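Enquirer: Before anything else, here's the structure in question.
Rule-based calculations on the coordinates, nothing more; no lab input. None of the values given here were measured: they were computed from a predicted structure. Positions of Cβ are backbone-derived with ideal geometry, glycine not excepted, and every protein chain shown enters the neighbour counts.
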């Protein structure tokens, strides 16, 4: 099992912890990572883009001129796609872009993302990160102590913490996720993972 130092909020080593090998010690599969991220982004799409066909454009109910003996081409509506102000041919219509991946593929992507971050030395395990009141300045001070002030940081906690989330929401590039709400895109998007000791223990229970 991979082993890392446990730090306090002053960036001092207070112990060590073993990370679950099934989560942080697998070989990185880049193809699976690509597929899982692609699936996540597709599922986030609203799919509300729409254009009007000639049947949806207002007007055009009357035939512009008679069919024959005018010297002009035949025309049935001024809202034809060939006319200025007419409908759009084969334009986007509302649709659902989401699709499902097999659970094994999702899990392979999840463990690959966490293993890649650990292999790159981008995982920090902190003993505790409790904040008694929503203070952005206090959280910035803690992150600065770890040299993370200008980094994209994903803070991983075991359970929802309103104080911590309120403190982090005004810090650009810093996001808070619970163990049950982690996804591969967030893990790869952020440069560093800031995980509490209790979150690691919960990962061992939930993921292994």
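Enquirer: Considering only C-alpha atoms, what is the centroid distance from segment 77-95 to segment 21-38, in Å?
Expert: 44
Enquirer: What does the convex hull of the Cα atoms of segment 159-208 come to per residue, in Å³, rounded to a whole number?
Expert: Roughly 83 Å³ of hull volume per residue.
Enquirer: Compare 138, 197, 104 in a GNM of the chain, Cα atoms joined below 10 Å, and give the one with the largest fluctuation.
Expert: Comparing 138, 197, 104 in a Gaussian network model of the chain, the most mobile one is 104.
Enquirer: Can you figure out the FRET efficiency of residue 14 with residue 189, using R₀ = 25 Å and their beta-carbon distance, to the nearest 0.05?
Expert: Between residue 14 and residue 189 the formula returns 0.30.
Enquirer: If I stretch the segment between residue 207 and residue 162 completely, what's the gain in nm (0.36 nm per residue apart, minus their alpha carbon distance), one decimal?
Expert: 13.8 nm
Enquirer: Between residue 50 and residue 98, with labels modelled 7 Å along Cα→Cβ, what's the label distance in nm to one decimal, could you check?
Expert: 1.9
Enquirer: For the Cα atoms of the chain, what angle does the longest principal axis make with the long axis of helix 197-207, in degrees from 0 to 90, nearest 10?
Expert: Roughly 60 degrees, rounded to the nearest 10.
Enquirer: What is the order of 203, 163, fewest Cβ neighbours within 10 Å to most?
Expert: 163, 203
Enquirer: Between residue 22 and residue 169, what is 0.36 nm times their sequence separation minus the Cα-Cα distance? Round to one decimal in nm.
Expert: Values: separation 147, 0.36 × 147 = 52.92 nm, distance 3.14 nm.
Stretched out fully, the residue 22 to residue 169 stretch lengthens by 49.8 nm.
Enquirer: As a footprinting exposure proxy, order 107, 65 by other Cβ within 10 Å, with the fewest listed first.
Expert: Arranged by neighbour count, lowest to highest, 107, 65 become 65, 107.
Enquirer: Can you give the helix-only mean residue ellipticity at 222 nm for the chain, where every DSSP H stretch with n ≥ 4 adds -39500 (n - 2.57) and the sum goes over all residues, rounded to the nearest 500 deg cm²/dmol?
Expert: Working: 7 runs with 70 residues, N = 208.
Estimated from H runs of four or more residues: -10000 deg cm²/dmol.
Enquirer: While we're on this one: Report the antiparallel proportion of the DSSP beta bridges in the chain as a percent, rounded to a multiple of 5. Working shown, then result.
Expert: Values: 5 of 20 bridges.
Of those bridges, close to 25 percent are antiparallel.
Enquirer: Can you tell me the FRET efficiency between residue 42 and residue 119 if r is taken as the Cβ-Cβ distance and R0 is 25 Å, rounded to the nearest 0.05?
Expert: 0.35
Enquirer: Which of the three applies to segment 47-96, rounded, prolate or oblate, going by the alpha-carbon gyration tensor with a ≥ b ≥ c and a/c under 1.5 meaning rounded?
Expert: Note, shape of segment 47-96 comes out prolate.
Enquirer: How would 45, 192 line up from fewest to most surrounding beta-carbon atoms within 10 angstrom?
Expert: Taking fewest neighbouring Cβ atoms as first place, the list is 45, 192.
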